[in-house]
Amino acid sequence: MTVSQTIKTPASAITIPYSRFRPTGNAATYVSQALESGRVQGDGPFSKKSEELLTEITKSPRVVLTSSGTDALEMAAILAGISPGDEVIMPSFTFVSSANAIVLRGGVPVFVDIDPRTLNVNPKAIKAAISSRTKAIMPVHYAGVACDMGAIMEIAREHQLKIIEDAAHGMGATWNGQHLGAIGDFGALSFHETKNIVAGEGGALLVNDARAFERCEVVRDKGTNRKQFLRGEVDRYTWVDIGSSFLPGELQAALLASQLENIEEINAARVVIWNRYHAALAPLEARGQIQRPFIPEGVVHNGHIYWIVLKDGESREAVRRALSQKGIQATSHYECLHKAPIAARFARVSHQGLPVTERVVKSILRLPLFGQMTERETEFVIDALQGAVGSAAGG
Ligand SMILES: Cc1ncc(COP(=O)(O)O)c(C=O)c1O
């Protein structure tokens, strides 16, 4: 699909992508500084700057940059001590990386259903899935809207379970004032190009569990004590633990630092568009034609995704096609992980079934949303959507 930046006069010429990255602030300066310094390997000055900014924003006691959100989840699984046969309860409505991180340790993802209003994991379903092998819970904060962390933390306390938050969507979003990813024992953030804060590919692990404060830098650096060596604490570095290469390079970190410096503006611009959609689509919800996102009390979201849920899969496809004919790229989202061909081999599914997940996967549609989206572009999407939903409903 061709991507044009501005609206041209006839509607048919307009192309509005689902997401579009634009560098902000010091991006070009920082990236060229990193290049010119001749030091582009990881853990340099821009990595340090990004980690400091992340610490300031998230208030997490320990932040380490990673090459992706996937890496951060894989590190969390190692640090949480997930071992063969350990079960980790998570939604099926999530990205493959949530499950893979557990499977790579020999653990077993146990898929449970989501809450129909927030599309976040349902605490009652978590409770029902607990077994003697359960080791951890992985809440996924879908669309940057916090899961019901009060209920989830209570379950974790009662059953002595670890919490690994998948906060890939959550940069800048909070639950009761706490940054997503910094609430449980471990949290993973993503800075992939489609996220609010972008490093190209990138992520960060937030560590709350004090026992892992030192170990996280070893696991991130191939299981070596290289950091201790660099600090002059040992005279050579060696293999001291399991680990892998989870460290991002300085070019990624330079871009990330420029984005983090502008997080408030970046997220605020997205929230403006999110709010426009939300207000304009209220009548469609009132008529029972769509469902809009629900933001629980105490939750501050970051405008990461504006989703709607249509009546069924056919209506979703009809609406998606109608928007596409107008040059608007609206997209579905995750497939059911519990129905993936590999799931039978590596995962378990809650005995309660996952009816909400199965319905939502077929009928969800995500609308274009990016910081530079103009009011005209947003209005154009809204008009097109109103028309398409009306036709899909036979109205
Ligand atoms: C819920 C969730 N977790 C993890 C990831 C993986 O993040 P990354 O692409 O940075 O590896 C994604 C990516 O979109 C995601 O949606």
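Please treat every number below as a calculation from the coordinates, not as lab data. Source: prediction; values computed, not measured. Note that each Cβ is placed from the backbone with ideal geometry, even for glycine, and that neighbours are counted across all protein chains shown.
Here are a few things to note about the model shown:
- Formal net charge of residues neighbouring Arg366 (Cβ-Cβ distance under 12 Å; K, R +1; D, E -1): +2
- Counting only DSSP beta bridges whose two residues both lie in segment 27-260, roughly 50 percent are antiparallel.
- Cα gyration tensor, segment 1-145 - rounded (a/c under 1.5), prolate or oblate: oblate
- Of Phe229, Phe95, Phe191, the residue with the greatest mean-square motion in the GNM of the chain, using alpha carbon springs below 10 Å, is Phe229.
- With θ taken as phi - 60° and the Karplus curve 6.51 cos²θ - 1.76 cosθ + 1.60 applied, the whole-hertz 3J(HN,Hα) list for segment 139-153 is x, 10, 7, 5, 6, x, 10, 4, 5, 6, 5, x, 5, 5, 5 Hz, x standing for glycine and proline.
- Rel. contact order, % - alpha carbon contacts under 8 angstrom, at least six apart, the chain: 23 percent
- Each residue of segment 99-107 was assigned a 3J(HN,Hα) from its phi angle through the Karplus curve 6.51 cos²θ - 1.76 cosθ + 1.60 (θ = phi - 60°); the sequence is 6, 4, 4, 7, 4, 4, 8, x, x Hz, with glycine and proline shown as x.
- In plain terms, if you count all Cα to Cα distances in segment 121-277 and split them into 10 Å steps from zero, the share in each step is 10, 31, 32, 21, 6, 0 percent.
- Chain lengthening between Ile130 and Leu230 when straightened (0.36 nm per residue, less Cα-Cα): 31.7 nm
- Of the residues Ser19, Ser67, Ser244, Ser98, the one with the fewest other Cβ atoms within 10 Å heads the list, and the complete ranking is Ser244, Ser19, Ser67, Ser98.
- Karplus-derived 3J(HN,Hα), 6.51/-1.76/1.60, for each residue of segment 131-136, Hz, glycine and proline x: 10, 5, 9, 5, 10, 7
- Taking other C-beta atoms within 10 Å as the exposure proxy, Ser258, Ser92 rank Ser258, Ser92 from fewest upward.
- Cα gyration tensor category, rounded, prolate or oblate, for the chain with a/c compared to 1.5: oblate
- With a cut-off of 12 Å between beta carbons, the residues surrounding Ala318 carry a summed charge of +1, where Lys and Arg count +1 and Asp and Glu -1.
- In terms of surrounding Cβ atoms within a 10 Å radius of their Cβ, Arg321, Arg105, Arg270 rank from fewest to most as Arg321, Arg105, Arg270.
- For a straight C-alpha distance cut-off of 14 angstrom, the aspartates and glutamates reachable from Lys362 (same-chain residues fewer than eight places away being disregarded) are Asp312, Glu314, Glu317, Glu335.
- Cross-link pairs beyond the 25 Å C-alpha cut-off, checked among Lys48/Lys195; Lys135/Lys227; Lys195/Lys222: Lys135/Lys227; Lys195/Lys222
- Counted residue by residue at 0.36 nm each, then reduced by the alpha carbon distance between them, the extension gain from Thr55 to Glu335 reaches 97.5 nm.
- Convex hull projection area averaged over all views, segment 27-260, Cα basis, nm²: 12.4 nm²
- Among His351, His169, His141, residue whose mean-square fluctuation peaks in a GNM of the chain (springs only between Cα atoms under 10 Å): His351
- Segment 312-351: C-alpha gyration tensor shape, a/c 1.5 cut-off, then a/b vs b/c: prolate
- Using the Cβ of Thr70 as centre and a radius below 15 Å, the other residues enclosed give a net charge of -3, where K and R count +1 and D and E count -1.
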